Every structure is written in structure tokens, then in C-alpha cells.
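Reviewing the structure listed below.
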Amino acid sequence: MGSTETIISIILVIGIGYFARRLNLLKTEDSTILNKIVVNLAIPSLIFISIYKSKFDIFNLLPLTLVSLFITFVTGSIAFLWCKLRRQNKKDLWSIVVPSGLVNSGFLGYPIVLGVYGITGLLRAIFYDMGSVLSFIIFGIILGMIFSNEKINLRSVFKHVTSFPPLIAMILGVIANLTHLKIYSPLLDTLHYLGNATVPLIMLSLGLSLKFHRINKYKGNITFVSLLRLLFSPLLATFLTNLLGIYGLEKKVLIVESAMPSAMLSIVLSVRYRLNPELTAICVFTTTLLSLITIPFVIFLLK
């Protein structure tokens, strides 16, 4: 499946969630339950399986992970400063910062990179996506501390770090991979089933949160996030690859992954910490829709 077909498929599932709400088959509040399933079961399973089954030379491909983290830090920081200058309230601020920083390098990036650059490209995409996974975990911990009722201290930090299921799954996945742990086949199949549920559940949740009549209210924020994610991010990736001497397939994959739209996982965090899911959902949907044009263009320029 090519890049355009992949994006269209994602938009169609989002549309199913949207019309399910309009037809009263599901309610907006149901996205909370869907996201609890995603955070506590589906995403941890997906992360564990992805790491456990990966075969890689960590020292050769680690720069992809580090660049991914750095790009998230830069785009998230720019969004944070922009929101501060506009005096956004705290919940709206983080509802913009999260989709500005988190990139859809896995759910959308994997099939596109695989289709364009093959299995060797996919391996590099996995390492880039590890940076996205770490960024998701870091955002989750930060938001947990900011929007919890607890006083922020070492004890509360430790509690949020050790109780975040995706982080636990990542640690267990690395341990299982490095120790070549043999896992009972039915258990692996179970984790596969749960992991495969991640994408459709998030897309349905996004559709449930979409309210197109409110787009005009957020048009300034939407434009900003779209420019930051789809234009600035791949340009920054190009600059960093040249600066660090990253060439060949690694450079192409890194730039293509950086050009992906806002991560659908942003919706998970926005719903879980009661930010502004409506704003985050519109940012994710708009960048995904616009990426129908921008991603094929980036791939064409890299040929």
C-alpha cells in the first residue's frame, strides 16, 4: 500500500468514528474508555512486541532515535513558547504542544517507509519510532505530574514513571530482547492481537472527538501546528542529517519520518489528562489530511 492509500485508509476509519457519533451509535464520552484500553493494554502490547522481535545493531542506528527525540524537543518547545506568547490557558497549551511534538512515525510512518524503501528502510523507521515512543512516555509523565492533584516531588515523579504502562512495556521488551527470552507462543499471539487493536481504536477515538463546526475557532492553532509538523520538522531533519553526516537510506528515512503528521497518540494523552481533546483531534486530523499532499512531495524530492 502506497503513502496516499495508507493515509486515505486512516481518514476513512476516522470518518467511521465521526459518523458513529453523529448517528448516536457511539458517544463522545466513549473515547475515554477506548483510550483507557489503548494506554493500559493495546499500546504496551504493541511496544513490547515491536522491541522484542526487532533485530538490530543499536550503535549504528541509535542516532535515528536521538534525532527523533531532539526534533520532538525542538518542535514541542517552539509550540510551548508560541502558546505562552498567545497566553493560552494551560490545558489548551498542552493540547497544542503534544500534537506539535509527537509525530505519527509508527502507525503511518511504518507502512509508508516499508512501501517506499522496503524492509531495510522499515528497520530504520523502527529506530526513529523508538524516539517517538520515548517522547510519548515523557509527555505522559510530564502531563501526569502537571495535571494530578499531587504535589510534585521525587515521590510523585517516581510514582508516575513506574506506573505508566507503555514505559514498563518498553523496559520489559528490551530485557526480553537482550536476554533472548523464549515466550510461550499463545502469549505472543495474545499480545499481537492487543497491539493490532491500537491503530483502529485510536482512529475511532479521534473520529468521536472531531467537531468540524469548531475548526474556525481553532484555525490559528491548526495552521501553526500544520506548518510546524509538515514543513518545519522535515526541514529541521534535513539540516540535522547534513550537520551530523547522516547520508543514504538513513537520511531518507529520517526525513520522511519527520514529515509525518501529528501522532494519533496525542489524542490518548489529551483525553487521559482531560486537556482539550477537541482541539488536539482537529490538529491531528488536519495534519493527517494535509499530509496527503506533503508526504508524497517529500518522497519525490528525496529520489
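Overview of values
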item: Among the candidates Phe239, Phe232, residue that is surrounded by fewer than 24 Cβ atoms within 10 Å (Cβ to Cβ), out of contact with any helix residue (DSSP H, G or I) (no Cβ under 8 Å at 6 or more places or on another chain) and hydrophobic (A, V, I, L, M, F, W, C); result: Phe239
item: Any hit, the range 41-53, residues being at pLDDT below 90, surrounded by fewer than 17 Cβ atoms within 10 Å (Cβ to Cβ), within 26 Å of Leu249 (Cα to Cα) and out of contact with any strand residue (DSSP E or B) (no Cβ under 6 Å at 6 or more places or on another chain); result: yes
item: Lone qualifier among Ser266, Ser291, Ser270, Ser233 - being over 22 Å from Val67 (Cα atoms) and out of contact with any Lys or Arg (no Cβ under 6 Å at 6 or more places or on another chain); result: Ser270
item: Candidate set: the range 74-108, residues that are in a helix (DSSP H, G or I) and of a type in the set (Phe, Trp, Tyr); chosen: the one farthest from the chain's Cα centre (by Cα); result: Trp82
item: Residue check for Met260: among the aliphatic types (A, V, I, L, M), assigned to a helix (DSSP H, G or I) and surrounded by 15 or more Cβ atoms within 10 Å (Cβ to Cβ); result: no
item: Pick from the range 177-201, criterion surrounded by 10 or more Cβ atoms within 10 Å (Cβ to Cβ), hydroxyl-bearing (Ser, Thr, Tyr) and more than 14 Å from Val13 (Cα to Cα), ranking: nearest to the chain's Cα centre (by Cα); result: Tyr193
item: Residue within the range 204-212 that is over 15 Å from the mean Cα position of the chain (by Cα) and not in a helix (DSSP H, G or I) present; result: yes
item: Members of the range 106-125 found to be of a type in the set (Val, Ile, Thr), surrounded by fewer than 24 Cβ atoms within 10 Å (Cβ to Cβ) and touching a residue at least 40 places away in the same chain (Cβ under 8 Å), listed by number; result: Val116, Thr120
item: Residues (surrounded by 19 or more Cβ atoms within 10 Å (Cβ to Cβ) and either over 30 Å from Tyr52 (Cβ atoms) or at pLDDT below 85 (or both)) located in the range 202-223; result: Ile202, Met203, Ser205, Leu206, Gly207, Leu208, Ser209, Leu210, Tyr218, Asn221, Ile222
item: Residue in the range 105-115 that is at pLDDT below 85 and in contact with a strand residue (DSSP E or B) (Cβ under 9 Å, 6 or more places away or on another chain) present; result: yes
item: Qualifying position, being out of contact with any strand residue (DSSP E or B) (no Cβ under 8 Å at 6 or more places or on another chain), in contact (Cβ under 8 Å) with a residue 24 or more places away in the chain and either more than 23 Å from Glu5 (Cβ to Cβ) or of a type in the set (A, V, I, L, M, F, W, C) (or both), among Pro234, Pro277, Pro296; result: Pro277
item: So Lys36, is it assigned to a helix (DSSP H, G or I), out of contact with any Leu (no Cβ under 7 Å at 6 or more places or on another chain) and over 25 Å from Leu231 (Cα atoms); result: yes
item: Residue within the range 89-96 that is crowded, with 24+ Cβ neighbours inside 10 Å and either among the acidic types (Asp, Glu) or free of Cβ contacts under 8 Å to residues at least 12 places away in the same chain (or both) present; result: no
item: Where a residue in the range 5-16 is surrounded by 14 or more Cβ atoms within 10 Å (Cβ to Cβ) and its partner, wherever it lies, is not hydrophobic (A, V, I, L, M, F, W, C) and not in a helix (DSSP H, G or I), with Cβ under 9 Å and at least six apart; result: Ile7/Pro261; Ile10/Asn104
item: Test: Val253 is touching a residue at least 12 places away in the same chain (Cβ under 8 Å), out of contact with any Pro (no Cβ under 9 Å at 6 or more places or on another chain) and crowded, with 24+ Cβ neighbours inside 10 Å; result: yes
item: Among (1) more than 26 Å from Ser233 (Cα to Cα); (2) more than 20 Å from the chain's Cα centre (by Cα); (3) assigned to a helix (DSSP H, G or I), the one test that Leu26 misses; result: (3)
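The values are calculated or read from the model by the stated rules, or taken from the named source; none is laboratory data. Since the structure is predicted, the reported quantities are computational estimates derived from the model, not experimental observations. Please note: Cβ atoms are built from the backbone with ideal geometry, for glycine as well, and neighbour counts cover all protein chains shown.
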